[in-house]
Ligand code: BES
Ligand code: MN
Ligand code: ZN
């Protein structure tokens, strides 16, 4: 989809549809538009359209303006218009117009600028909302919007905002593609290939095989990989935009989680292809950072493997040794995410990180507690968590903090090892994070459990059903502001 900027009046733009975002019962914004547009809107506000959030109304345009049609899209209450409302309107309006077969769209920026919101936010909603995953469907329909024209004065600022939005969205969609891809085509080897495809001047990629991981003593990671015939890959990326100590991003990358010997029930097991969503988000972040050449130093770690119940799989009761020497009793082979992340944290420390962020589809309890609406967050550094909350506010990728009270340590006490990998059902959202905390020590660290948000079963205004690509926008915003 192409994006143009044209400094012409609404009435003069030739296009299939002219989009007019409008707040609820806001009759003032259109007063300066062409008289036949403003009188049309005035009459619609009587009944047909009230401007409720994401409400859309498509009309044939009056004869004396050049657009074929007008689309009104609601921004909700005037005193509550925000970037997120505009992002949603962008997703909703563009999806609707695409499905109606429209090709060329123009966007009036009059109302948006009265709310001091950049039209790039609307475009962000559109680029995210128009995403479709149809790699596996024959004769996929070719309804596609060709171009979006912003009716606005050109400026360097706007160009930069649009470039940021474009890169952001293509990175989120890159992540979504990987997560939506079935596990037979998104193996650890494929993930490594995707990582290698990002290589660049400042971006290096190193891929460790099981034998390398063995030499390093990653007994926890390897205990998960043992159950599968599919070769594991421990993927390490580094982008060096500055000489400062790096921020390490660890993404859970279980390309399929059957549960292992502690096998999951068949129902919904097919969804466990998305157990690599954290790792895919980290790759999306690296793609954006290197395309935008951000002045940051980041290391990405994806401990990639399948979790299967093969003949060599680890068994409940086994005790393994992690990279830093701590022993773990495996109570439940389905609590595999924390095992692979524990070794990734140990490996991360070799970089003397400024801070560590892990992002993982870690627990079913996370979806149960928060549904699709927020990720669970934990950590050992108030300042970092505050920054994360600010980014959550900026991006609407929301986080909710869970506590790491020291009493939770009891839940993970093992009779024969330093720690066990499951504290049972009670408090399992927290104890999973607490387990990771035992490995981070004092390194500033934030944990994001995205089990509930990485996959949506019902589409949202700019998130089609399936992989959401969550985490990419959140962490990029954080990196930008660190
Ligand atoms: N990958 C799952 C968590 C998950 C469940 C993600 C549903 C997305 C949707 C994780 O590896 C897991 O199985 N966790 C267990 C831990 C338990 C055995 C302590 C869980 O949450 O049931
Ligand atoms: Mn599991
Ligand atoms: Zn898992």
Inspect the range 292-303 for any residue being modelled with pLDDT of 95 or more, more than 15 Å from ligand 3 (Cβ to nearest atom), within 20 Å of residue 170 (Cα to Cα) and part of a helix (DSSP H, G or I) and give the result as yes or no. yes
So which of 277, 244 is touching a helix residue (DSSP H, G or I) at 6+ places or on another chain (Cβ under 8 Å) and either within 16 Å of ligand 3 (Cβ to nearest atom) or modelled with pLDDT of 95 or more (or both)? 277
For the range 261-272, state whether one or more residues are touching a strand residue (DSSP E or B) at 6+ places or on another chain (Cβ under 6 Å), modelled with pLDDT of 95 or more and within 16 Å of ligand 3 (Cβ to nearest atom). yes
Are any residues in the range 429-482 within 12 Å of ligand 1 (Cβ to nearest atom), part of a strand (DSSP E or B) and within 21 Å of residue 387 (Cα to Cα), and if so, which ones? 449
Need at least 3 residues that are away from ligand 2 (no atom under 16 Å from the Cβ) per element, so show me which helices (runs of 4 or more DSSP H) inside the range 356-420 make the cut, counting only ones lying wholly within it. 382-395, 408-411
In the set 397, 401, which member is crowded, with 20+ Cβ neighbours inside 10 Å and modelled with pLDDT of 95 or more? 397
Picking from 18, 33, the residue that is modelled with pLDDT of 95 or more and in contact with a helix residue (DSSP H, G or I) (Cβ under 8 Å, 6 or more places away or on another chain) would be 18
Where in the range 170-278 are there strands (runs of 3 or more DSSP E), lying wholly inside it, with at least 2 residues that are away from ligand 2 (no atom under 16 Å from the Cβ) and surrounded by 15 or more Cβ atoms within 10 Å (Cβ to Cβ)? 203-208, 233-240, 247-251
Given the conditions (1) part of a loop (DSSP other than H, G, I, E, B); (2) touching a residue at least 60 places away in the same chain (Cβ under 8 Å); (3) over 25 Å from residue 186 (Cβ atoms), report the number of the one that residue 316 does not fulfil. (2)
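The values are calculated or read from the model by the stated rules, or taken from the named source; none is laboratory data. Treat the numbers as computed from the prediction; the structure is a model and nothing was measured. Note: ideal-geometry Cβ built from the backbone for every residue, glycine included; neighbour counts use all protein chains shown.
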